[in-house]
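Novice: Here it is: the structure, laid out below.
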Amino acid sequence: MIGFSEGFHDAGLAVVHENKIIFAAHSERYSKKKHDKKLCGELAFYGNYLNPNADVVAFYEKQFPKRVRQFFAGQKHWRRRRHLALRPTISFPHHQSHAAAAFQTSCFEEAACVVVDSIGEWDCSSVWTAKMEDGKAVYKKVWSQAYPKSIGLWYSALTGWAGLRPLDEEYIFMGMAAFGKPKHIDEVRQLLSQNNHRGCQLDIESKEDVAASAQVVLETELHAIFDIAMQYSNNICYGGGVALNCVANTKLRDKCNLWIMPNPGDAGGALGAALLASGKKVEFTPYTGHSISRKIDPKEVVDVLLRDGICGVANGKAEYGPRALGNRSLLADPRTFANKDRVNEIKKRQKFRPFAPAILEESCQDYFWMPEHSRYMSYVYQCKRPDDIPACVHVDNSARVQTVPETSPSVFRAILEAWEERTGCPVLLNTSLNIRGMPMVNEWSDALDFSNKYNVTVL
């Protein structure tokens with residue numbers, strides 16, 4: 001089965017066979033265009049190469065209903081026929097694709113699926129029941145909230161109002177909330193009822209206070225939707241772009257058995273479409289993209305980290321999603337605050353952007369107030385020992401933690417073990433290996449470009 005997404009932002013492609021993800025990747029990694037909304041020819045060809053006799057080529061949304069909605073919304077491009085890189089044999093509803101990407105990668109046999117994003121065809125938020133029957137996933141939509149009330153569009157509009165890039169820098173707006181106070185909840189909430197396609201206006205001076213207020217409103221809205229979902233199951237599979245708000249996710253995790261596939265946005269919808277066509281559950285791994293097959297000596301990485309404070313790693317299969325998980329990562333010694341400044345300088349990062357510590361899974365509770373694991377940076381937790389790892393801790397003493405288990409297929413586990421052996425510290429700062437404005441490193445040539453531009457050793 002081949003599934004693909006394109007047309008709005010973050011196009012992607014996935015190839016599934018039986019219960020395995022054969023390949024999955026973002027279009028941007030191949031086109032070198034950040035958030036590329038088109039499925040580039042190279043990726044489309046690669047998908048067909050991997051599965052030339054695909055039983056089904058599935059698209060992640062219904063095109064005609066979406067054009068109807070665009071007409072009623074007054075969007076100028078509604079007449080434009082979408083030219084797809086692949087010819088689909090079947091199309092699924094946008095939100096059902098997100099639900100499938102969440103449920104069929106989970107460990108649950110039955111669950112409720114929550115989908116919250118900018119917009120699909122008409123739905124902006126939805127709840128689905130999902131269960132396995134005779135080896136096939138069965139879905140039923142039980143609640144939805146239609147356009148124009150869109151939590152995703154609203155949050156993106158506020159991101160743009162704050163001077164950040166909508167559909168790109170929402171995570172910076174989320175990080176900004178820790179610097180402000182929720183003084184404008186009513187003003188911010190009122191914007192939810194309007195059409196935010198073209199942005200929004202607020203006569204408020206403090207961007208940080210608006211961000212803090214928006215976070216409160218967002219969490220309130222999400223809790224209400226989760227309460228609806230939990231009428232059907234305490235197992236919740238959560239998808240859509242809003243599921244990348246790791247601050248809200250942490251509070252939602254406290255009330256249910258929660259699974260978030262680490263690529264919950266539109267690119268992840270490609271996997272959802274393939275899974276809907278298959279009907280089967282898959283053994284999930286985030287390492288599904290282009291493979292760089294190089295031998296890395298973890299001790300050499302540690303030597304570079306101790307000498308330079310930072311080191312890039314590009315090895316193995318690329319991560320499927322917006323977050324580096326050790327195979328396309330810029331690593332840094334977390335024990336000195338100066339390394340945070342250095343990474344910020346290289347990546348031109350704003351102060352609002354939180355860093356992610358990666359930690360040996362068995363040591364996570366020694367450093368953070370958290371459950372037994374958080375493997376995909378989907379949640380934030382308070383740090384117990386901020387003075388020990390100052391480069392990784394946000395202004396509110398939180399951190400977006402990645403725990404790395406013994407079973408990890410990535411060389412990252414061995415690097416962390418070698419680092420702990422030399423330093424006694426089981427933590428490394430982990431951020432994405434990419435040139436500013438460009439997608440994450442995909443091929444080895446991309447890694448060399450990064451190394452040459454920033455004078456950083458990449459192994």
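Each row is one residue, and each column tells you yes or no for (1) surrounded by 15 or more Cβ atoms within 10 Å (Cβ to Cβ); (2) without any contact (Cβ under 8 Å) to a residue 60 or more places away in the chain.
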| residue | (1), (2) |
| --- | --- |
| SER144 | yes, yes |
| PRO148 | yes, no |
| HIS197 | yes, no |
| CYS200 | yes, yes |
| ASP203 | no, yes |
| PHE226 | yes, no |
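Novice: Where the second residue is charged (D, E, K, R) and crowded, with 23+ Cβ neighbours inside 10 Å and the first is in contact (Cβ under 8 Å) with a residue 40 or more places away in the chain and lies in the stretch 348-359, which pairs have Cβ atoms under 7 Å and are six or more apart or on separate chains?
Specialist: Listed by first residue and then by second, the contacts come to PRO354/ARG400; ALA356/ARG400.
Novice: Are any residues in the stretch 388-436 in contact with a helix residue (DSSP H, G or I) (Cβ under 9 Å, 6 or more places away or on another chain) and of a type in the set (Ser, Thr, Tyr), and if so, which ones?
Specialist: Of everything in the stretch 388-436, those that are in contact with a helix residue (DSSP H, G or I) (Cβ under 9 Å, 6 or more places away or on another chain) and of a type in the set (Ser, Thr, Tyr) turn out to be SER398, THR403, THR407, SER408, THR423, THR431, SER432.
Conditions (1) in the same structural domain as PRO386 (by TED's automatic domain parsing); (2) under 27 Å from LYS32 (Cα atoms); (3) over 22 Å from the mean Cα position of the chain (by Cα), marked per residue:
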| site | (1), (2), (3) |
| --- | --- |
| ASP303 | yes, no, yes |
| ASP308 | yes, no, yes |
| ALA318 | yes, yes, no |
| GLY326 | yes, yes, no |
| LEU331 | yes, yes, no |
| THR336 | yes, no, yes |
| GLU345 | yes, yes, yes |
| ALA356 | yes, yes, no |
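Novice: Here is a further query. Looking only at the stretch 343-356, count how many residues are part of a helix (DSSP H, G or I), surrounded by 18 or more Cβ atoms within 10 Å (Cβ to Cβ) and out of contact with any Ser or Thr (no Cβ under 7 Å at 6 or more places or on another chain).
Specialist: First pass over the stretch 343-356, keeping only residues part of a helix (DSSP H, G or I): 343-347.
Add one more test, that the residue is surrounded by 18 or more Cβ atoms within 10 Å (Cβ to Cβ), and what stays is 343, 346.
Subsequent filtering for residues that are out of contact with any Ser or Thr (no Cβ under 7 Å at 6 or more places or on another chain) retains 346.
Number satisfying all stated conditions: 1.
Condition check ((1) out of contact with any Lys or Arg (no Cβ under 8 Å at 6 or more places or on another chain); (2) closer than 24 Å to GLN402 by Cβ; (3) in a helix (DSSP H, G or I); (4) of a type outside the set (S, T, N, Q)) across all residues:
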position	(1), (2), (3), (4)
HIS223	no, no, yes, yes
ASP227	yes, no, yes, yes
ILE236	yes, yes, no, yes
VAL242	yes, yes, yes, yes
LEU258	yes, yes, no, yes
PRO262	no, yes, no, yes
GLY269	yes, yes, yes, yes
GLY272	yes, yes, yes, yes
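Novice: Still on this structure, please answer the following. Report, by residue number, each residue of the stretch 400-436 that is closer than 28 Å to LYS33 by Cβ and either outside the structural domain of ASP446 (by TED's automatic domain parsing) or outside any strand (DSSP E or B) (or both).
Specialist: SER410, PHE412, LEU433, ASN434, ILE435, ARG436
Novice: Shifting gears a bit: When you scan the stretch 329-351, how many residues do you find that are in contact with an Asp or Glu (Cβ under 7 Å, 6 or more places away or on another chain) and either closer than 19 Å to ASP168 by Cα or aromatic (Phe, Trp, Tyr) (or both)?
Specialist: The number of residues fulfilling the criteria is 0.
Novice: Identify, from the list ALA338, ALA324, the residue that is assigned to a loop (DSSP other than H, G, I, E, B), out of contact with any Phe, Trp or Tyr (no Cβ under 9 Å at 6 or more places or on another chain) and among the small types (Gly, Ala, Ser). Before you say what the answer is, go through the steps one by one.
Specialist: Values: ALA338 fails: assigned to a loop (DSSP other than H, G, I, E, B).
The unique qualifying residue is ALA324.
Novice: Next question, about the same structure. Which condition from (1) part of a strand (DSSP E or B); (2) in contact with a Pro (Cβ under 7 Å, 6 or more places away or on another chain); (3) of a type outside the set (A, V, I, L, M, F, W, C) is the one that GLN382 breaks?
Specialist: (2)
The values are calculated or read from the model by the stated rules, or taken from the named source; none is laboratory data. This is a predicted model, so every value here is computed, not measured. Ideal geometry is used to build each Cβ from the backbone, glycine not excepted, and the neighbour counts take in all protein chains shown.
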